[in-house]
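Working notes, beginning with the structure itself.
The values are calculated or read from the model by the stated rules, or taken from the named source; none is laboratory data. Given the structure is predicted, the values throughout are model-derived calculations rather than measurements. So basically every Cβ, Gly included, is an ideal-geometry build from the backbone, and we count neighbours across all protein chains shown.
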Amino acid sequence: MIRALAAASLRRHPARTALAILGVAVAGALLLDMVMLGSGMRESFRRFLLVQNFQLRIAPKGTLPMDTEATIDSASAILRTLHTNPDIVAVTPVLGAQIHVLQGARALTSFAVGIDQSTEADYQLETGANVALPDRIVANAAFFKVMHVAIGDTVDAVTGFDPQLRTYVGRRKLVLVGQGRFFYTSAEQPVAAVPLATMQAMGGPQRADRVSLVLARVRDSANADSAAAWVDRVIPRVTTISTDAALRQVDERMGYFRQLAVILAAVSLVVGFLLVTTLVTVSVNERLGEIAVMRAIGVRRGRIVQQIVLEGVALSLIGAAGGLALGLVTARYLNAILSDFPGLPSTFHFFLFQPVAAVRSLGLLVLAGILAGAYPAWRAASLPIAGTLRREAIA
Amino acid sequence: MTVTDTLPAPGPNARKPEPIVRVRDAYRDYPMGKETVHALRGVSLEIAPCDNVAIVGPSGCGKSTLLNLMGVVDRPSRGQVLIEGRDAGAMRDREATEFRLRHIGFVFQRFYLMAMLTARENVELPMAEAGVASAERAARARELLDYVGLGARERHRPGELSGGEQQRVAIARALANRPALLLADEPTGELDVRTGAEIIDLFRRLNRDGTAVVVVTHDAELAAAAWRTIHMRDGQIVSQPAR
């Protein structure tokens with residue numbers, strides 16, 4: 001009966017109820033989007049770093065991974081040293097460079113990585129085969145599109161343009177064997193992978209036994225930060241950054257962004273709370289006589305509170321459900337806009353839906369709805385019956 | 001089972017039973033702005049089971065305040081109000097609510113039905129509160145609506161009923177938990193003469209069937225239908241025929 005009364009009360013002014021639900025839905029959507037943005041960027045970055053589960057990134061001293069053209073010499077020795085640490089279970093070297101694909105008089109540029117053929121550390125193969133043999137190349141869809149090539153074609157690739165001699169240092173005929181999705185580059189940027197030895201050979205003597213980056217996987221039970229510290233100590237010419245350390249840096253750099261998200265989320269919560277409070281208060285004030293009569297005929301105070309709180313809960317629940325749908329749609333739209341930003345890796349998302357975070361934030365909204373209904377409910381149920389009836393009679 | 005758990009109709013010459021309401025030297029003061037209104041000033045009266053009493057007097061003389069004290073929705077500032085032997089002033093809110101639910105029926109001038117509930121659901125409301133099972137309360141609600149002549153309109157909402165019909169639904173609601181005492185505050189105040197007469201008949205029938213009825217009214221016909229008429233003025237009873 002109480003549920004029926006609560007539902008009846010909400011149906012009494014359908015337009016007002018619908019507007020309140022819409023308001024809560026908008027507040028819920030904003031709350032959800034801010035939660036998705038606040039935690040989503042960090043989580044997306046974490047997933048981005050851990051996409052192939054390499055927790056350590058070893059770069060030339062004082063640089064960030066692939067941030068400059070600097071390289072690490074004596075890569076073979078470094079790999080051997082890394083293998084001496086029992087906590088490091090896998091390592092994979094990467095050498096990045098610009099390559100130019102010659103097509104008649106034209107030279108089309110692409111970024112390329114020389115990789116260890118045994119690990120797909122940089123890409124996920126979509127079609128074709130991996131770069132298992134020398135002079136093989138796997139590229140992304142943008143490469144195929146820009147170069148107008150297909151799997152099975154041979155491309156004339158060069159690297160290391162010497163401006164004095166006006167020649168290229170390395171030139172190779174590379175056979176396109178597969179198409180892959182590259183994790184760390186944007187989808188629009190042409191990018192390719194070749195065997196590390198091929199890439200080093202194309203770079204000439206300057207690139208012999210050099211790498212831009214070494215990725216290392218640490219045993220699950222080991223501490224990645226300790227392993228990073230060990231690498232920095234044993235190989236002083238490198239800087240090692242663990243995923244956790246990278247995330248800490250992200251946290252520091254994005255602190256302001258997350259604060260903004262938290263503030264906007266809090267504002268949306270307050271807006272939802274105020275909306276429900278306003279509607280329930282208005283609704284209760286209209287029904288003071290009715291509530292006094294209910295009390296007079298023997299309806300318990302708690303039951304009246306329950307009924308009014310139920311109204312707030314219903315508004316919040318329906319609004320939260322609407323907010324979930326609306327939030328997901330707007331997040332998808334906004335994510336599409338932001339992800340189009342040039343240079344962003346395709347695996348990176350600004351808004352990341354995490355069910356637990358979504359349930360928690362919308363649960364908070366429903367809790368706000370309960371609290372919003374509780375005060376006007378208790379106030380109404382506590383009004384003196386006789387006095388209220390007298391005032392109603394006079395009114 | 002009868003609608004009002006019929007008691008033998010006592011009639012005017014019946015043996016004097018124990019009163020179900022006993023008001024002893026009751027005062028009720030309440031603040032209004034900076035002033036104190038003395039709504040009741042030493043009122044004493046008794047209501048017998050199956051009594052039929054009209055309380056009349058000019059507006060503001062304390063009729064409704066007295067009714068509220070008898071209905072346990074208000075407490076006297078001084079004095080004592082005993083309902084079925086229990087001191088209404090000493091009851092805590094929860095007890096008073098429970099007492100009203102099971103022992104007292106209220107009828108108001110403005111009916112105060114729940115607009116979004118049907119006639120039957122309105123009648124079921126106090127029974128639901130009293131924990132009566134769904135099937136049982138539906139049956140009793142139908143029985144009560146039949147009793148007040150609205151058996152065919154149980155599915156109608158208050159907005160679809162005339163004023164007289166709404167007041168009859170309110171009376172059926174007041175009887176839902178078989179109260180010994182029915183209190184009505186200006187029950188014909190918003191009704192035309194013909195509809196008011198129907199309500200008067202209904203109260204008479206109710207009283208005959210064993211429910212004590214106390215009405216506060218300005219309606220001379222309603223007052224005339226009661227066995228006893230208590231006259232009030234300035235918070236005091238000025239005339240009160242013996243019961």
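State whether one or more residues within the stretch A:297-320 are in a helix (DSSP H, G or I), without any contact (Cβ under 8 Å) to a residue 40 or more places away in the chain and out of contact with any Cys (no Cβ under 7 Å at 6 or more places or on another chain).
no
Can you find a residue that is at pLDDT below 85, under 23 Å from residue A:316 (Cα atoms) and touching a helix residue (DSSP H, G or I) at 6+ places or on another chain (Cβ under 6 Å) anywhere in the stretch A:345-352?
The answer is no; no qualifying residue exists.
Scan the stretch B:148-156 and tell me whether some residue there is away from chain A (no Cβ under 14 Å), aliphatic (A, V, I, L, M) and in a helix (DSSP H, G or I).
Yes: the stretch B:148-156 contains one or more residues that are away from chain A (no Cβ under 14 Å), aliphatic (A, V, I, L, M) and in a helix (DSSP H, G or I).
Is there a residue being at pLDDT 90 or above, over 30 Å from residue B:117 (Cβ atoms) and not small (Gly, Ala, Ser) anywhere in the stretch A:38-45?
Within the stretch A:38-45 (the criterion being at pLDDT 90 or above, over 30 Å from residue B:117 (Cβ atoms) and not small (Gly, Ala, Ser)), the answer is no, since none of the residues qualifies.
Would a scan of the stretch A:321-340 turn up a residue that is within 14 Å of chain B (Cβ to nearest Cβ), more than 28 Å from residue A:251 (Cα to Cα), touching a Leu at 6+ places or on another chain (Cβ under 9 Å) and in a helix (DSSP H, G or I)?
no
Which condition number in (1) within 12 Å of another protein chain (Cβ to nearest Cβ); (2) within 14 Å of the chain's Cα centre (by Cα); (3) among the charged types (D, E, K, R) is the one that residue B:51 fails?
The single condition residue B:51 does not satisfy is (1).
Being outside any loop (DSSP other than H, G, I, E, B), within 14 Å of another protein chain (Cβ to nearest Cβ) and over 27 Å from residue A:75 (Cα atoms) narrows it down to one of A:19, A:31, A:10, A:37, so name that one.
That would be A:10, the only listed residue that is outside any loop (DSSP other than H, G, I, E, B), within 14 Å of another protein chain (Cβ to nearest Cβ) and over 27 Å from residue A:75 (Cα atoms).
Inspect all residues belonging to the stretch A:121-128 and state whether any of them is touching a strand residue (DSSP E or B) at 6+ places or on another chain (Cβ under 8 Å), of a type in the set (A, V, I, L, M, F, W, C) and modelled with pLDDT of 90 or more.
The answer is no, given that none of the residues of the stretch A:121-128 is touching a strand residue (DSSP E or B) at 6+ places or on another chain (Cβ under 8 Å), of a type in the set (A, V, I, L, M, F, W, C) and modelled with pLDDT of 90 or more.
How many residues, within the stretch A:156-205, are assigned to a strand (DSSP E or B), at pLDDT 80 or above and closer than 18 Å to residue A:69 by Cα?
The total comes to 7.
Condition first: within 14 Å of another protein chain (Cβ to nearest Cβ) and either touching a Pro at 6+ places or on another chain (Cβ under 7 Å) or among the polar types (S, T, N, Q) (or both). Now tell me which residues in the stretch B:157-168 satisfy that.
Matches in the stretch B:157-168: B:166, B:167.
Suppose we filter B:169, B:213 for residues that are buried (at least 20 other Cβ atoms within 10 Å of the Cβ), assigned to a helix (DSSP H, G or I) and either touching a Phe, Trp or Tyr at 6+ places or on another chain (Cβ under 6 Å) or touching a residue at least 24 places away in the same chain (Cβ under 8 Å) (or both); which single one remains?
Answer to the selection: B:169.
May I ask you to say which residue of B:98, B:84 is among the acidic types (Asp, Glu) and either crowded, with 24+ Cβ neighbours inside 10 Å or within 14 Å of another protein chain (Cβ to nearest Cβ) (or both)?
Answer to the selection: B:98.
Scan the stretch A:310-328 and give yes if some residue there is closer than 28 Å to residue B:96 by Cα and aliphatic (A, V, I, L, M), otherwise no.
Yes, the stretch A:310-328 contains a residue that is closer than 28 Å to residue B:96 by Cα and aliphatic (A, V, I, L, M).
Pairs needed: first member in the stretch B:52-72, over 14 Å from residue B:106 (Cα atoms); second member anywhere, of a type in the set (Gly, Ala, Ser) and surrounded by fewer than 24 Cβ atoms within 10 Å (Cβ to Cβ); C-beta distance under 6 Å; at least 6 residues apart or different chains.
Between residues of the stretch B:52-72 that are over 14 Å from residue B:106 (Cα atoms) and residues that are of a type in the set (Gly, Ala, Ser) and surrounded by fewer than 24 Cβ atoms within 10 Å (Cβ to Cβ), the close pairs are B:52/B:226; B:53/B:226; B:54/B:223; B:54/B:226; B:56/B:223; B:62/B:235; B:63/B:57.
Within the stretch A:376-392, take every residue that is crowded, with 17+ Cβ neighbours inside 10 Å and over 14 Å from residue B:73 (Cβ atoms) and give me the one that is farthest from the other protein chains (Cβ to nearest Cβ).
Among those that are crowded, with 17+ Cβ neighbours inside 10 Å and over 14 Å from residue B:73 (Cβ atoms), it is A:376.
Restricting to the stretch A:225-269, give me the number of residues that are in a helix (DSSP H, G or I), over 22 Å from the mean Cα position of the chain (by Cα), closer than 26 Å to residue A:88 by Cα and not charged (D, E, K, R).
7
Go through the stretch B:174-201 and report how many residues are within 11 Å of the chain's Cα centre (by Cα) and within 22 Å of residue A:389 (Cα to Cα).
Result for the stretch B:174-201: 10.
In the stretch A:270-287, is there at least one residue being part of a helix (DSSP H, G or I) and within 14 Å of chain B (Cβ to nearest Cβ)?
Looking through the stretch A:270-287, at least one residue is part of a helix (DSSP H, G or I) and within 14 Å of chain B (Cβ to nearest Cβ).
Matching residues to (1) under 21 Å from residue B:71 (Cβ atoms); (2) within 12 Å of another protein chain (Cβ to nearest Cβ):
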| site | (1), (2) |
| --- | --- |
| B:106 | yes, yes |
| B:132 | no, yes |
| B:138 | no, yes |
| B:142 | no, no |
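From the set of residues in the stretch B:112-123 that are under 17 Å from residue A:296 (Cβ atoms) and surrounded by 23 or more Cβ atoms within 10 Å (Cβ to Cβ), which is nearest to the other protein chains (Cβ to nearest Cβ)?
B:112
Here is a list of conditions, (1) under 30 Å from residue A:155 (Cβ atoms); (2) part of a helix (DSSP H, G or I); (3) of a type in the set (Lys, Arg), and residue A:57 meets all of them except one; can you say which number that is?
Status for residue A:57: all satisfied but (2).
Going through the stretch A:333-375 one residue at a time, which ones are aromatic (Phe, Trp, Tyr) and either surrounded by fewer than 21 Cβ atoms within 10 Å (Cβ to Cβ) or free of Cβ contacts under 8 Å to residues at least 60 places away in the same chain (or both)?
Correct list: A:333, A:341, A:348, A:350, A:353, A:375.
Considering the stretch A:344-393 alone, what residues qualify as being within 30 Å of residue B:111 (Cβ to Cβ) and of a type outside the set (Gly, Ala, Ser)?
Within the stretch A:344-393, A:375, A:376, A:378, A:379, A:383, A:384, A:385, A:388, A:389, A:390, A:391, A:392 qualify.
If you check residue A:42 against the conditions, is it in contact (Cβ under 8 Å) with a residue 60 or more places away in the chain, among the basic types (Lys, Arg), out of contact with any strand residue (DSSP E or B) (no Cβ under 9 Å at 6 or more places or on another chain) and surrounded by fewer than 21 Cβ atoms within 10 Å (Cβ to Cβ)?
yes
On the given criteria, is residue A:149 at pLDDT 90 or above, within 29 Å of the chain's Cα centre (by Cα) and outside the structural domain of residue A:344 (by TED's automatic domain parsing)?
no
Which of the residues that make up the stretch B:157-166 are part of a helix (DSSP H, G or I) and under 22 Å from the mean Cα position of the chain (by Cα)?
The answer is B:158, B:163, B:164, B:165, B:166.
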